[in-house]
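Only one structure is covered here, and it is reproduced in the block below.
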Amino acid sequence: MWKKSAFNFQYLRENFTEIMIRRLRMLWARFPEAALLNLVHLVYQGIFLLEVNLEDIDKDWIIWTVRLLSLILVAVAVELWRERKGGWQAGKYRWKIWCMLLLWGVIQEAGTKFLPEIEQVMFLFVIPGFWLCLILYLLLPKEKDRQSAQLRCAVNAFLTAGVLGGMISLLLGICLAAVRALLLPVPMEASLFLLGVLPFACAVNVLLCLLPEINEEVSAAEPVVGNSVIGLVFPCYVFLLLILYLYIGKIIILQAMPIGEMNWYASLAMLGYGFFYFFWNDIQKGWYEKFMRWGLIFFLPILVVQFCGIWIRYEAYGLTSLRYASMICTACGILMLAFRFLRQGMRPLFLLGAVLLLVFSITPLNVMRVPLHNQQARLIALLEQEGLYEDGRIVMSHPISAERTPAIRSCVEYICESNLDSERREDFCRQVDEINWRDYYINAKPTNGKTKKRTEQTRVVFKPRQKGIPVAGFRMVYPFTVKRGVAVIQLEDGNKQSVDIHDYVKGLMAAHKDDTGTQNVVLDDEYLLEDKSRLYFTEITVRRPEGSKELLISGRGYLLQK
C-alpha cells in the first residue's frame with residue numbers, strides 16, 4: 001500500500017472514490033459555513049445572470065462577488081483557528097464564526113463607503129489575498145520540519161480543485177456546443193453560469209474537502225518528484241545564479257551599471273529560492289541544507305547590483321508604481337533570505353505578508369499614492385529650478401530648458417496618466433493636467449551640433465484688480481478652469497457646462513500691443529451669459545508663438561450663478 005502524501009498520484013488514482021466520499025462527509029462537519037456561503041454565491045450568480053444581460057453588468061456585481069468569496073475565506077480561516085484551539089468544541093463555536101462573518105461584512109461595507117476611490121478598488125481585490133495568507137499561516141504547523149510538507153499538501157489541494165473545475169467546465173462546454181449546434185441556441189448568460197460559475201463552485205467544495213487538517217501527518221513527497229527537483233530544477237537554478245555572477249563580472253570589467261536589464265532575472269532568481277524554501281525545505285541533504293542556509297550570502301552581490309540599477313532609474317525618473325512594487329518585493333525577498341539564514345520557520349512570513357498587503361494597498365503607503373506624491377514633489381523641484389513655480393502655482397512664463405525637458409516630461413506624463421480620484425484630485429494635479437506642456441518642451445536632441453533655439457512668443461496675463469470675488473446678488477459659485485480656450489464648469493447636478501471664450505479673448509487682445517515677452521494686463525471686462533450668470537476670471541493666460549496667429553488660451557475662474 002502506498003503512503004498518502006502530497007504529489008502521490010498513484011495513491012490518489014487508486015483511492016480517489018474513497019477519498020472523495022470521506023472528504024465530502026467531512027465538508028459539512030468541518031466547513032459548514034464556507035459550504036453554505038459557497039451555495040449562496042452559486043445561487044446569487046444564477047439569479048443575477050438570469051435577470052441581467054451581460055451588457056448591464058456593473059461595479060456592484062463585482063463588489064458583491066468579491067464580498068461573498070471573501071466571506072468564504074473568512075469562514076475557512078476562522079475554522080482553522082478553532083482547530084488550533086484543541087479545547088474549543090465545534091458546535092459551541094459556530095455562533096462565534098457567524099459573529100466573525102457579520103463583523104467582516106460590516107468592515108467590507110465600511111471599506112467601500114469611507115475609503116478613497118483607488119483604495120476602494122485595491123481593498124476589494126487585495127482582501128482575498130490577505131485571507132489566503134492568513135489561511136496558510138493557520139494551516140501550517142509550528143514544527144519547522146513539517147511546514148514544507150503541509151504546504152505542498154495544501155497546494156496539491158488547490159491544484160486538484162483547479163484541475164477538476166477545469167475538467168467540469170471543459171465537459172460542459174462540449175455539451176453546450178453540441179446543444180447550440182444541433183438543437184437550439186443557448187443564451188450567453190446561461191453559458192457563463194454553466195462554464196464558469198458552476199465549475200468554480202464545485203472546485204471550491206473540492207478544495208474544502210482536500211484541505212489537510214492542522215495536525216494531520218503528511219509524509220514526504222514521492223521520491224521521483226523529490227529527485228526531479230534536486231536533479232533537474234536545482235541545477236538549472238544554480239546555472240541562473242552563475243549567469244548573474246558572470247553578468248556582475250561584466251559590469252565590473254566594463255565599468256557600466258545596468259539599467260533595467262538585470263532586475264527581472266534577479267527577481268526570478270529570488271522567486272526560485274522562494275520555491276525551494278517554501279516547498280522543499282525538508283530535503284535531507286547536507287550540501288542542499290548548506291546552500292539554503294547561506295543563500296543570503298550568495299545573494300548579497302546580486303542584491304547590491306539590483307538595488308543600484310533600481311536607484312539609477314529612481315534618480316533619473318522618480319518613483320513609479322512598478323518600481324515601488326519591485327522595491328517592496330525585493331525587501332520581502334531579503335526578509336525571506338534572513339529567515340532561512342537564521343533557521344526560522346516560514347509560517348510567520350505568511351502573517352507578515354497579510355499585514356504588508358494591507359499596508360501597501362489601503363494605507364497612505366499604498367503603491368499608487370506614494371509614487372504619485374513622489375512625482376509631484378519631483379516636478380515641483382524641477383519647475384522651481386526653472387523658475388516656473390511660485391506660491392503654490394505653476395507659472396509657465398517661458399519654455400523649459402532642454403536639460404530638464406526629459407525629466408519634466410516623465411513627471412508630467414505619470415501625473416496625467418494616474419487615475420486617482422478623478423473627482424477629488426489635488427489642486428497641483430489639476431494644474432498639471434490643464435497646461436498644454438508640449439508648447440513648452442524644447443527638443444533635447446541637438447541638431448547639427450547645436451541645441452534647438454527657443455521660440456519667442458507673446459504672453460499676456462489678464463488678472464482683475466481686486467483680490468476677492470464679488471458674489472453679491474448671486475446664488476451659487478462654481479470654480480472652473482480654461483483649457484484650450486474653453487471654460488469647463490462642473491455643476492452641482494453632475495452635469496458639465498462648456499463656454500467657448502475665444503471671441504472674448506480676441507477682443508481683449510485687440511486692445512493691446514502684440515509684443516514678444518510677458519505682459520500683465522488688468523482685466524476689467526465682464527463676461528455675461530444668457531441666463532444673466534457671470535464668468536469671473538481670476539486669471540487668463542494667452543500665448544501666441546512667433547509667426548503664428550493661433551491663440552493658446554488657459555486660465556481659471558468662477559461661475560457666478562443667479
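The values are calculated or read from the model by the stated rules, or taken from the named source; none is laboratory data. If you're wondering where the values come from, they're calculated on a predicted model, not measured in any experiment. Cβ placement follows ideal geometry from the backbone for every residue including glycine, while neighbour counts extend to all protein chains displayed. To get the accessible areas, we keep the full protein, side chains included, count just its heavy atoms, and leave off ligands, DNA and RNA. Shrake-Rupley method; radii C 1.70, N 1.55, O 1.52, S 1.80 Å.
Worth pointing out:
- HN-Hα J in Hz across the range 94-107 - Karplus 6.51, -1.76, 1.60, θ = phi - 60°, x for Gly and Pro: 4, 5, 5, 5, 5, 5, 5, 5, 5, 4, 5, x, 5, 5
- From most to least packed by mean Cβ count within 10 Å, the peptides 405-417, 532-544 give 532-544, 405-417.
- Annotation: residue 167 carries an accessible surface of approximately 100 Å², with a 1.4 Å probe and no ligand, DNA or RNA atoms counted.
- Between residue 178 and residue 475, the modelled label-to-label distance comes to 6.9 nm, taking each label 7 Å out from Cα in the direction of the beta carbon.
- Integer Hz, Karplus 6.51/-1.76/1.60 couplings in order for the range 160-166, x for Gly and Pro: 4, 4, x, 5, 5, x, x
- Ordering 442, 279, 398 by Cα displacement along the dipole of the chain toward the positive end leaves 279 in first place; charges were set at the Cβ atoms of Lys, Arg (+1) and Asp, Glu (-1).
- Note on residue 502: accessible area is roughly 50 Å² with a 1.4 Å probe, heavy atoms of protein only.
- Size descriptor, Kirkwood hydrodynamic radius, that averages inverse alpha-carbon separations across the range 370-439, Å: 12.3 Å
- Extension gain for residue 316 to residue 441 (0.36 nm times residue separation, less C-alpha to C-alpha distance): 43.2 nm.
- In order along the range 329-346, the phi-based Karplus estimate (6.51 cos²θ - 1.76 cosθ + 1.60, θ = phi - 60°) of 3J(HN,Hα) comes to 5, 5, 4, 5, x, 4, 4, 4, 4, 5, 4, 5, 5, 8, 6, 8, x, 7 Hz; Gly and Pro are listed as x.
- In this simple spin-label approximation, residue 491 and residue 96 carry label points 7 Å from Cα along the Cα→Cβ vector, and these lie 5.8 nm apart.
- Calculated FRET value between residue 531 and residue 373, using beta carbons and R₀ = 30 Å, to 0.05: 0.15
- Entry for log10 I(q)/I(0) by the Debye sum over Cα atoms at q = 0.06, 0.07, 0.09, 0.13 Å⁻¹ (calculated from the structure that is shown) out of (1) -0.58, -0.73, -0.94, -1.21; (2) -0.52, -0.64, -0.93, -1.46; (3) -0.50, -0.66, -0.94, -1.33: (3)
- For residue 484, residues with placed amide H under 5 Å, excluding near neighbours: 553
- Mean ellipticity per residue at 222 nm, deg cm²/dmol - from DSSP H runs of n ≥ 4 across the chain, formula -39500 (n - 2.57): -19500 deg cm²/dmol
- The spacing between the range 363-394 and the range 475-515, judged by their C-alpha centroids, is 27 Å.
- Over 23 Å (Cα to Cα) - which of 463/483; 59/113; 113/483; 483/506; 144/290; 250/285 fall in this group: 113/483; 250/285
- Percent RCO, i.e. relative contact order, over the chain, from Cα pairs under 8 Å lying at least 6 residues apart: 13 percent
- Note on residue 409 and residue 58: the extension gain reaches 122.8 nm, defined as 0.36 nm multiplied by sequence separation minus the Cα-Cα distance.
- Extension gain for the segment residue 380 to residue 167, taken as residue separation times 0.36 nm less the Cα-Cα distance, is 71.1 nm to one decimal.
- Under a 5 Å amide H cut-off, with hydrogens placed 1.01 Å from N, residue 476 pairs with 561 among residues at least 5 apart or on other chains.
- Considering only 247, 502, 428, the residue lying farthest towards the positive end of the dipole of the chain is 247, judged by Cα position with unit charges set on Cβ.
- Sites residue 275 and residue 394 - FRET efficiency at Förster radius 56 Å, r taken between beta-carbons, to 0.05: 0.70
- Sorting 169, 498 on solvent-accessible area from highest to lowest, probe radius 1.4 Å, gives 498, 169.
- Computed over the range 9-210, Cα set: Rg, Dmax in Å: 18.9, 59
- Point-charge dipole on Cβ atoms (K/R +1, D/E -1) for the chain, about Cα centre, debye to 20: 1500 debye
- Residue order by solvent-accessible surface for 163, 233 is 163, 233, largest first, with ligands and nucleic acids left out and a 1.4 Å probe.
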